[in-house]
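Here is the structure we will look at, set down as structure tokens.
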Amino acid sequence: MERKKLKILLADDHRVLRTGLKLLLSSQKDFQVVAEASDGQEVFDELANIRVDIVLLDLSMPGMGGMECLQRIREGKVPVKVLVLTMHSEQQYLREVMLHGADGYLCKDTLDTELFQALRTVAAGRRYLGEKDAHALLNSLIDEPQEGAELSGREQEVLAFLVRGYSLSVIAEKLYLSVKTVSTYKTRLMVKLGCTQKSELVEYALKHNLLG
């Protein structure tokens with residue numbers, strides 16, 4: 001008996017990557033790519049018009065990014081599984097992604113067979129993490145909490161957007177600030193929190209519960 005095909009929506013702003021993924025998934029008899037999207041809004045447009053079982057979701061997209069898209073899917077109780085496929089191999093987004101209701105998390109450098117396994121696992125109603133990601137999440141949960149730095153309300157807002165992967169220009173638009181002002185806030189946060197790169201900033205914010 002032929003296995004029922006899983007209807008997949010590919011959400012990534014890189015057309016070449018989507019094409020490669022589509023070809024890869026078409027090699028499996030139980031996968032069918034039924035739609036594509038280059039940002040979060042297109043994901044919702046497609047979900048409103050076609051039945052989808054799984055959204056294969058990138059985090060870094062222009063406009064509505066993957067994290068905001070995931071939140072809106074869960075808040076709207078859209079009946080679809082979400083497997084995050086991201087370039088962020090340092091796991092700085094892992095904990096937040098899972099807390100916001102993702103069904104699985106994989107890095108883009110994963111093996112083809114693991115991607116197939118992840119899709120079938122979430123389709124069956126179970127969550128999926130690669131071994132490396134599972135260890136990273138476990139370690140983040142058992143780390144001893146420490147007292148975080150005191151941040152102003154505006155600094156917390158900017159930090160929250162930075163952690164969710166928004167660009168400086170998008171943050172500026174959302175907070176009605178200039179890009180230069182947002183850049184200044186980012187620099188101030190880096191100095192105040194003792195961070196030298198964005199991945200450290202994200203890790204610090206999650207570890208010290210600075211997002212509220």
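Every residue, every condition in (1) under 10 Å from the mean Cα position of the chain (by Cα); (2) surrounded by fewer than 22 Cβ atoms within 10 Å (Cβ to Cβ); (3) closer than 28 Å to Tyr204 by Cα, yes or no:
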residue: Gly40; (1), (2), (3): no, no, yes
residue: Phe44; (1), (2), (3): no, yes, no
residue: Asp58; (1), (2), (3): yes, no, yes
residue: Met67; (1), (2), (3): yes, no, yes
residue: Leu85; (1), (2), (3): yes, no, yes
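Applying the criterion of at least 1 residues that are at pLDDT below 80 to the helices (runs of 4 or more DSSP H) found wholly in the stretch 87-202 leaves 94-99, 131-142, 153-163, 179-192. Output yes when any residue across the stretch 42-54 is within 16 Å of Arg15 (Cα to Cα), in the same structural domain as Leu17 (by TED's automatic domain parsing) and of a type outside the set (A, V, I, L, M), and no when none is. For the stretch 42-54, residues within 16 Å of Arg15 (Cα to Cα), in the same structural domain as Leu17 (by TED's automatic domain parsing) and of a type outside the set (A, V, I, L, M): present. Residues of the stretch 70-79 include none that is out of contact with any helix residue (DSSP H, G or I) (no Cβ under 7 Å at 6 or more places or on another chain) and touching a residue at least 40 places away in the same chain (Cβ under 8 Å).
Within the stretch 87-105, being crowded, with 19+ Cβ neighbours inside 10 Å and closer than 15 Å to Val122 by Cβ holds for Val97, Ala102, Asp103, Gly104, Tyr105. Scanning the stretch 68-86 for residues that are part of a loop (DSSP other than H, G, I, E, B) and among the β-branched types (Val, Ile, Thr) gives Val78, Val80. Take the conditions (1) under 30 Å from Glu200 (Cα atoms); (2) touching a residue at least 40 places away in the same chain (Cβ under 8 Å); (3) aliphatic (A, V, I, L, M); Val52 misses just one of them, which is (1).
The values are calculated or read from the model by the stated rules, or taken from the named source; none is laboratory data. Keep in mind the model is a prediction, meaning the values are calculated, not measured. No Cβ is skipped: glycine too gets one built from the backbone with ideal geometry, and neighbour counts run over all protein chains shown.
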